[in-house]
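Each reported figure results from applying straightforward, stated rules to the coordinates on display, with no laboratory input. What you see is a predicted model, and the numbers here were worked out from it, not measured in a lab. Here the Cβ positions follow ideal geometry from the backbone for every residue, glycine too, while neighbour counts run over all protein chains shown.
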Amino acid sequence: MLPADEAVALGAVDEAGDAGLGEPEDLAEFTAGDITADIWFRAHGVRVNSGYLADGRLTTPGPRGTVAVTGTLNVVGYDHVHALGDLTDLPEAKMAGYAMRHAEVVAANITARLRGEEPTRTYEAAPHPMILLPLGPRGGVGQFPSPEGPVVVPVGTVVEYKGADLFTSRFAARFGIER
Ligand SMILES: Cc1cc2nc3c(=O)[nH]c(=O)nc-3n(C[C@H](O)[C@H](O)[C@H](O)COP(=O)(O)OP(=O)(O)OC[C@H]3O[C@@H](n4cnc5c(N)ncnc54)[C@H](O)[C@@H]3O)c2cc1C
């Protein structure tokens, strides 16, 4: 339950459909009141699922369950074993958006090996956190990195990029699924 006196700040498309909100001072703030629900999920405290490495035969995960990787996303000590996604010890949030970027690097490096070339693609952890947090199909908040540092993403971008269909079209197209 959200306490009654807890103020909540939200970005949202206004009634005219104008998605121009973007600066922190534009965000609406209101007191939500008590919120009750039939079910709730604790959405914090996730841990990396690397138990299958527990015997240490390949590598020993660190205290957070992650695996040390090189710039080319190889498991440290192995030229032919890669790790990507949540498993890596990269200094960034555990996010699918990053895992997909890791995958591009790993795919390029495996392709290079198959061609008999040295793998050269490297991955740089994002210097600033990014997030797109839709609130329904017409609202939400977000933050992207920029050369000047992190910037608040206009709600229209959150809606267009993610909120409208939560990426389902993009993945359907990628896997050749007709909808
Ligand atoms: C509630 C929640 C919301 C999230 N929201 C977002 C979001 O909005 N945006 C975002 O970018 N990221 C989000 N994430 C994070 C995102 O889901 C992860 O970063 C991403 O899925 C990591 O991909 P991965 O391939 O590394 O791991 P996973 O997606 O966890 O894939 C690992 C796979 O390995 C399988 N596996 C594990 N052990 C074994 C084994 N021994 N043998 C065979 N298979 C095994 C698992 O079943 C799983 O399918 C969210 C995560 C959670 C929990």
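Karplus-based coupling profile of the stretch 158-163, in residue order and whole Hz: 4, 5, 5, 7, 9, x, with θ = phi - 60° in 6.51 cos²θ - 1.76 cosθ + 1.60 and x standing for Gly or Pro. Database remark: amide H of residue 135 closer than 5 angstrom to the amide H of 140, 141 (H placed geometrically; neighbours at sequence offset of 5 or more, or on other chains; Pro and chain starts carry no H). Extension gain, residue 57-residue 79: 0.36 nm per intervening residue step, less the Cα-Cα distance, totals 6.3 nm.
In order along the stretch 138-150, phi translates into HN-Hα couplings of 10, x, x, 9, x, 9, 10, x, 8, x, 8, x, x Hz, rounded to whole numbers, per the Karplus curve 6.51 cos²θ - 1.76 cosθ + 1.60 with θ = phi - 60° and x for Gly and Pro.
Can you order the peptides 46-56, 148-158 by their average number of other Cβ atoms within 10 Å per residue, highest first? Please report the intermediate quantities before stating the final value.
Details: 46-56: 11.1, 148-158: 17.5.
Ranked from most to least packed, the peptides come out as 148-158, 46-56.
If R0 equals 25 Å, the separation of the Cβ atoms of residue 165 and residue 39 corresponds to a calculated FRET efficiency of about 0.55. For the pair residue 111 and residue 94, label points projected 7 Å from Cα toward Cβ lie 2.9 nm apart. When a/c reaches 1.5 or more, the comparison of a/b and b/c decides; with that in mind, is the stretch 51-114 rounded, prolate or oblate per its Cα gyration tensor? Since a/c reaches 1.5 but b/c is at least a/b, the shape of the stretch 51-114 is classed as oblate.
Close amide H contacts of residue 69 (hydrogens built in the peptide plane, cut-off under 5 Å, sequence separation of 5 or more or a different chain): 76, 89. Think of each Lys and Arg Cβ as +1 and each Asp and Glu Cβ as -1; about the Cα centre, that makes the dipole of the stretch 51-114 roughly 20 debye.
Less than 14 Å Cβ to Cβ from residue 123, Lys/Arg counted +1 and Asp/Glu -1: what total charge do the surrounding residues give?
Working: positive: 101, 121; negative: 89, 92, 104, 124.
After counting each charged neighbour, the total is -2.
If we sort 119-126, 171-178 on the protection proxy, mean other Cβ atoms within 10 Å, highest first, what's the order?
Numbers: 119-126: 15.1, 171-178: 9.0.
The peptides rank, most packed first, as 119-126, 171-178.
Here the Karplus curve 6.51 cos²θ - 1.76 cosθ + 1.60, taken at θ = phi - 60°, turns the phi angles of the stretch 169-179 into couplings of 4, 4, 6, 4, 5, 4, 9, x, 9, 7, 10 Hz, with x standing for Gly and Pro. Comparing 59, 48, 76 along the charge dipole axis of the stretch 47-124, the residue lying farthest to the positive side is 48, per the Cβ-charge model.
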